[in-house]
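Here's the structure, in structure tokens; my notes come after.
Derivation of every value follows stated rules applied to the coordinates shown; laboratory data play no part. Computed from a prediction, not measured in an experiment: that's the story for all the values here. Here the Cβ positions follow ideal geometry from the backbone for every residue, glycine too, while neighbour counts run over all protein chains shown.
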Amino acid sequence: MTHIPIAPKSLMTAREAAPYIGLTVTTLAKIRYYAGGPPFLKLGAAVRYEPERLDEWLNLRRARNTSDGSSTPATP
């Protein structure tokens with residue numbers, strides 16, 4: 001396994017990440033629980049997000065019209 005160093009200052013809390021991707025903290029917590037949300041790091045009880053992963057997650061959801069299919073399960 002390749003070790004990728006992560007600078008702690010680049011990590012975001014859920015409270016910071018939610019508005020960054022246009023969601024509420026509650027919605028972000030729900031999609032984290034049910035899967036389908038952006039990748040996150042679990043550090044003890046703390047949840048942290050890398051801004052680069054949030055950007056990637058958003059880009060995977062880019063659509064050109066409303067009939068474009070989603071590659072992830074619908075959020076509850």
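Quick look at the values:
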item: Selection within the stretch 29-46 - more than 22 Å from Ile4 (Cα to Cα) and outside any loop (DSSP other than H, G, I, E, B); result: Ala29, Lys30, Ile31, Arg32, Tyr33, Tyr34
item: Every pair of residues 6+ apart whose Cβ atoms lie under 8 Å, when the first sits in the stretch 12-35 and is farther than 17 Å from Asn59 by Cα while the second is among the basic types (Lys, Arg) and surrounded by 12 or more Cβ atoms within 10 Å (Cβ to Cβ); result: Met12/Arg48; Thr13/Arg48; Ala14/Arg32
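A quick yes/no check of all residues on (1) on the phi > 0 side of the Ramachandran plot; (2) exposed (fewer than 10 other Cβ atoms within 10 Å of the Cβ); (3) touching a strand residue (DSSP E or B) at 6+ places or on another chain (Cβ under 7 Å):
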{"site": "Ile4", "(1), (2), (3)": "no, yes, no"}
{"site": "Ser10", "(1), (2), (3)": "no, no, no"}
{"site": "Glu16", "(1), (2), (3)": "no, no, no"}
{"site": "Pro39", "(1), (2), (3)": "no, no, no"}
{"site": "Lys42", "(1), (2), (3)": "no, yes, no"}
{"site": "Arg48", "(1), (2), (3)": "no, no, yes"}
{"site": "Leu58", "(1), (2), (3)": "no, no, no"}
{"site": "Arg62", "(1), (2), (3)": "no, yes, no"}
